[in-house]
Amino acid sequence: MNLPFDHDPTPLAYYSSLVQSDAHFPLLEAAATLAHDEEPDLDVQQVLDDVARILHRVKARLPKGADDLTRLATLNQVFYRNMGFAPNPNDYYAPENSHVHEVIRTRRGIPVSLAVVWLELAQGLGLRAQGISFPGHFLVKVALEGGLVVMDPVSGESLGVEQLAQMLAPFRDDADLLAGADLDEGETPLGLYLQTCPPRDVLARMLRNLKEIHRAQEDWPRLLAVLDRLVILLPDVLSERRDRGLVHAELGHAGQALSDLQAYLEAEPLAPDHGVLRARMKTLESD
């Protein structure tokens with residue numbers, strides 16, 4: 001991708017340039033840059049080239065004039081069975097599972113990071129493939145002439161209605177509330193949980209996975225780096241700016257904390273955490 005810089009950009013400026021517009025959002029490239037917080041010198045172009053080589057390997061196996069079903073089957077054969085892409089059961093919550101270059105190197109990841117690589121390959125084959133932000137487990141789908149195929153990106157398994165309902169069941173009540181369902185009128189139709197997840201939202205899901213990992217470990221510097229990216233990615237989601245302010249406070253950055261918290265409170269004057277945050281701001285101002 002040609003970037004509008006006269007000199008080498010900082011990692012955060014490079015990332016920011018990628019996520020400015022939803023038109024032709026470069027999901028794989030943007031996802032690869034997340035590892036810059038740990039490896040500032042990571043060559044993102046090398047990551048793109050690695051995926052391009054996998055795509056070439058798949059295309060080399062396709063018969064001339066292959067239909068969509070054949071392309072999908074060939075992709076899954078190469079990706080899952082020949083190359084062995086799979087989940088990382090030994091260390092599922094390792095941050096590296098969200099770093100695309102590590103996923104490609106180790107062929108291990110979590111559903112959403114495996115999906116990012118798989119979607120790039122599927123779309124490179126001309127398949128109408130998209131992500132699904134399914135509760136609890138990211139999924140992918142492919143529109144074929146014969147109908148919609150919903151897949152688990154960790155295995156390539158096609159999922160039927162009964163399997164999807166079982167996967168949704170533990171999250172059903174909370175998911176229905178988030179979907180705006182009236183519980184007195186019954187459950188939200190399953191199909192509403194299979195809607196396309198835009199690339200920006202896929203990247204947000206990856207970042208929020210990292211956010212929860214670093215928050216659980218109280219790793220404030222790494223959490224701040226993730227929140228900087230979330231604020232850039234989702235400028236209208238003021239809760240991310242609030243959370244960044246609270247992390248700045250933990251790190252003793254009073255000025256940045258007050259700026260973020262003030263911005264949140266001005267945008268959300270009726271927020272239920274208004275009183276708590278005002279008290280925190282007074283403490284910061286007096287320190």
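Just so it is clear, none of the values below were taken in a lab; they were calculated from the coordinates. Predicted model only: the values in this text are computed from it and were never measured. With ideal geometry, Cβ positions are generated from the backbone for all residues, glycine too; neighbour counts draw on all protein chains shown.
Observations
- Loop-located trypsin sites (Lys or Arg not before Pro) in the range 1-104 whose Cβ has at most 10 other Cβ within 10 Å (DSSP): Lys64
- Taking 7 Å steps out from each Cα toward its Cβ at Glu266 and Thr283 produces label points 2.4 nm apart.
- 22 Å Cα-Cα reach of Lys59 towards lysines, excluding residues that sit fewer than 8 places from it in its own chain: Lys141
- Contour excess over end-to-end distance, with Cα ends at Val161 and Glu218 and 0.36 nm allotted per residue: 16.6 nm
- Anisotropy class of the range 218-259 from Cα gyration tensor, a/c 1.5 cut: oblate
- Span-rule helices in the chain, defined as complete DSSP H runs reaching 15 Å or more along the axis (Cα) with Kyte mean at least -0.5: 44-60, 111-124, 220-233, 254-267, 274-286
- Inter-part distance where the range 194-244 and the range 79-152 are each reduced to a Cα centre, Å: 20 Å
- Treating r as the C-beta distance of Leu192 and Ala66 and R0 as 30 Å, the FRET efficiency rounds to 0.35.
- Local electrostatic count at Leu233 - Lys and Arg +1, Asp and Glu -1, tallied over other residues with Cβ under 13 Å: +2
- Cα gyration tensor shape of the range 11-198, rounded if a/c is under 1.5, else prolate or oblate by comparing a/b with b/c: oblate
- Theoretical gain in end-to-end length, Gln20 to Arg105 [0.36 nm per residue, Cα-Cα removed]: 27.7 nm
- Cα gyration tensor category, rounded, prolate or oblate, for the range 187-287 with a/c compared to 1.5: prolate
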